[in-house]
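A short worksheet on the structure shown next.
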Amino acid sequence: MKRYNINTKKISKNEANQNDYYTHNNGFSFPTVSGSTEHDTNSSTTTYHCKNTSYKINKKYNFYSLTIDWLQFTCSSKTSIHEFFNHKKIPNDYMLEKVKNFTNPNYHKKYNVFYHNHKICEIYCHPTQTGNIPNKTSIKIENSILYKSNLLKICNNLLKVFELEFIRISRLDIALDGPDILNIIDLCNKYSKSPTIQTNNSYLKIIPTQFTKSKHKFEGWKIGNEKSGIMAVVYDKTKELLKSKKEYINDYWELNNLDYSQNVGRFEIRLYNKKLHKYNINNLSMLLDSSFISNIFHDEVKDWLVFYRVKKKDMLECKKETAIRRGHVIRYIKWNKLPRARKALLKNDYVSNSTITNAKRSITYELKEVLKNKQNKYNKDRIRLIKLNMTQYKLESYVDAKLDCYSLNDNTYMYYLRDKIFDRRCD
């Protein structure tokens, strides 16, 4: 294979300073043409352009917000979840939905649990390997519930309804959000290019996960490995929300006085049982203590991931340990700004299944009456009642489907009726 070495010319120190350049000697390899298999081009450049981006925080806002973003725990059960599903031995407010295709290799069966038509968790049961926990069951709480004030109540009700006994936390994700977190993304980009940025652990893998071609830089990074019991991801949360549509996170930021008028980054640590067991979390109520969660984040991250700024000369002439000892620590998180309290969003206003059913029946009845006699003087009141039930219980798709089912010879009136119900302009 033919190889080309590019951009290998060194520049003087003065020229480097004038052009805002810094020297390095470990650039990435990349192909000459995208998709090319004929040539392999290796970059051995000794320079790269590096601009520091400043993310300013208004003093009236909090520096960070802290929250749990993933909660999964292991339970033992007296009765198999499969029995609840087959015999429907659960209250009417709850509903179990069996999931046929899923990717968790540790369990044979998966169910989605709904409470008043809102999904609240996923339940995994029938483990592939038998252990010392009878009817071992894993529960993963829905992400939106983790930001609500009734999190503990929902979890306790789940344990009671399905006759489960809490054993341990199997995975806990703690997310630190703030505009300042975006600096960590820039720091990881510098680490990948320059030998003057080092970490305290040579075996700690820092791998890019998102690349933005227009900016020619990576905007997401994965740090560590879950097998060690801890790993972290850092990325631009504002951009991620445009795809995930989790609007409640914006509400949470606003409630906790975080400035999200500018892009907000997220540094999220993922803790597994190997790390969690030392905290002796024997009760889910312990997770409501924001100070406790903040201490876990501090204790797990501060000594686990340390960045150093070192001299290139020391890296070339000395051992890495010596270069680090002569360098200085980069303060990528302001630990004194770590939140010790949080405000949770208000709980959902759940609507019972019977109420939804009655609203649908009312809509169906009133629609039939309107279509029977188009000139009836009470039709305006009937249309108003249809609109009231539709908006109050978010049944727009149901009404739209009903209108499609009714066929009329007078299509003009059907268009008029649809416009009236959905507040469209009638010509």
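The values are calculated or read from the model by the stated rules, or taken from the named source; none is laboratory data. Model, not experiment: these values are computed from the prediction. FYI the Cβ positions are ideal-geometry reconstructions off the backbone, even for glycines, and counts take in every protein chain you see. All accessible areas refer to the heavy atoms of the entire protein, side chains included, with ligands and DNA or RNA removed. Shrake-Rupley method; radii C 1.70, N 1.55, O 1.52, S 1.80 Å.
Answer with yes or no whether residue 407 is open to solvent by 30 Å² or more (accessible area, probe 1.4 Å), hydroxyl-bearing (Ser, Thr, Tyr) and either modelled with pLDDT of 85 or more or in contact with an Asp or Glu (Cβ under 8 Å, 6 or more places away or on another chain) (or both). The answer is no for residue 407.
Here the condition is being in contact with a helix residue (DSSP H, G or I) (Cβ under 8 Å, 6 or more places away or on another chain), in a loop (DSSP other than H, G, I, E, B) and either without any contact (Cβ under 8 Å) to a residue 12 or more places away in the chain or open to solvent by less than 40 Å² (accessible area, probe 1.4 Å) (or both); of 281, 249, 269, 296, it holds for 281 alone.
Beta carbons closer than 7 Å, at least 6 apart along the sequence or on distinct chains, pair a first residue in the range 354-372 that is within 21 Å of residue 95 (Cα to Cα) with a second that is outside any helix (DSSP H, G or I) for 356/117; 356/393; 359/393; 359/395; 360/395. Residues in the range 300-324 that are loosely packed, with under 13 Cβ neighbours inside 10 Å and either in a helix (DSSP H, G or I) or not charged (D, E, K, R) (or both): 313, 316, 317, 321. Please work out which residue is most open to solvent (accessible area, probe 1.4 Å), limiting yourself to the range 121-152 and to residues that are polar (S, T, N, Q) and in contact (Cβ under 8 Å) with a residue 60 or more places away in the chain. Within the range 121-152, the match that is most open to solvent (accessible area, probe 1.4 Å) is 149.
Selection of the range 206-226 for residues being among the charged types (D, E, K, R), surrounded by 11 or more Cβ atoms within 10 Å (Cβ to Cβ) and at pLDDT below 95 yields 217, 219, 226.
For the range 167-198: of the residues being among the aliphatic types (A, V, I, L, M) and outside any strand (DSSP E or B), which is nearest to residue 324 (Cα to Cα)? Once the filter is applied, the top-ranked residue is 187.
For the range 90-98, does any single residue satisfy the condition of being in contact with a Ser or Thr (Cβ under 7 Å, 6 or more places away or on another chain), touching a residue at least 40 places away in the same chain (Cβ under 8 Å) and among the hydrophobic types (A, V, I, L, M, F, W, C)? Within the range 90-98 (the criterion being in contact with a Ser or Thr (Cβ under 7 Å, 6 or more places away or on another chain), touching a residue at least 40 places away in the same chain (Cβ under 8 Å) and among the hydrophobic types (A, V, I, L, M, F, W, C)), the answer is no, since none of the residues qualifies. Within the range 153-169, the set of residues being open to solvent by 40 Å² or more (accessible area, probe 1.4 Å) and either at pLDDT 95 or above or at negative phi (or both) comprises 153, 156, 157, 160, 165, 167, 168. Restricting to the range 336-374, and then to whatever is open to solvent by less than 50 Å² (accessible area, probe 1.4 Å) and within 30 Å of residue 294 (Cα to Cα), can you tell me which residue is modelled with the lowest pLDDT? This residue is 348. Of the listed requirements (1) over 21 Å from the mean Cα position of the chain (by Cα); (2) open to solvent by less than 70 Å² (accessible area, probe 1.4 Å); (3) polar (S, T, N, Q), residue 58 misses just one: (2). In the range 72-120, of all residues being part of a loop (DSSP other than H, G, I, E, B) and open to solvent by less than 40 Å² (accessible area, probe 1.4 Å), the one that is farthest from residue 163 (Cα to Cα) corresponds to 104. Within the range 391-399, the presence of at least one residue that is open to solvent by 100 Å² or more (accessible area, probe 1.4 Å), on the phi > 0 side of the Ramachandran plot, modelled with pLDDT under 90 and under 42 Å from the mean Cα position of the chain (by Cα) is confirmed. Just one of the listed residues (386, 330) is in contact with a Lys or Arg (Cβ under 7 Å, 6 or more places away or on another chain) and open to solvent by less than 50 Å² (accessible area, probe 1.4 Å), namely 330. If the condition is being part of a helix (DSSP H, G or I) and either touching a strand residue (DSSP E or B) at 6+ places or on another chain (Cβ under 7 Å) or under 19 Å from residue 103 (Cα atoms) (or both), then the range 129-154 contributes 143, 145, 146, 147, 154. Selection of the range 199-238 for residues being in a strand (DSSP E or B), among the basic types (Lys, Arg) and within 18 Å of the chain's Cα centre (by Cα) yields only 222. Taking residue 160, is it among the basic types (Lys, Arg) and assigned to a loop (DSSP other than H, G, I, E, B)? No: the conditions fail for residue 160. If the requirement is being more than 27 Å from residue 167 (Cα to Cα) and of a type in the set (Ser, Thr, Tyr), which of these qualifies: 260, 272, 279? Sole residue among the options that is more than 27 Å from residue 167 (Cα to Cα) and of a type in the set (Ser, Thr, Tyr): 260.
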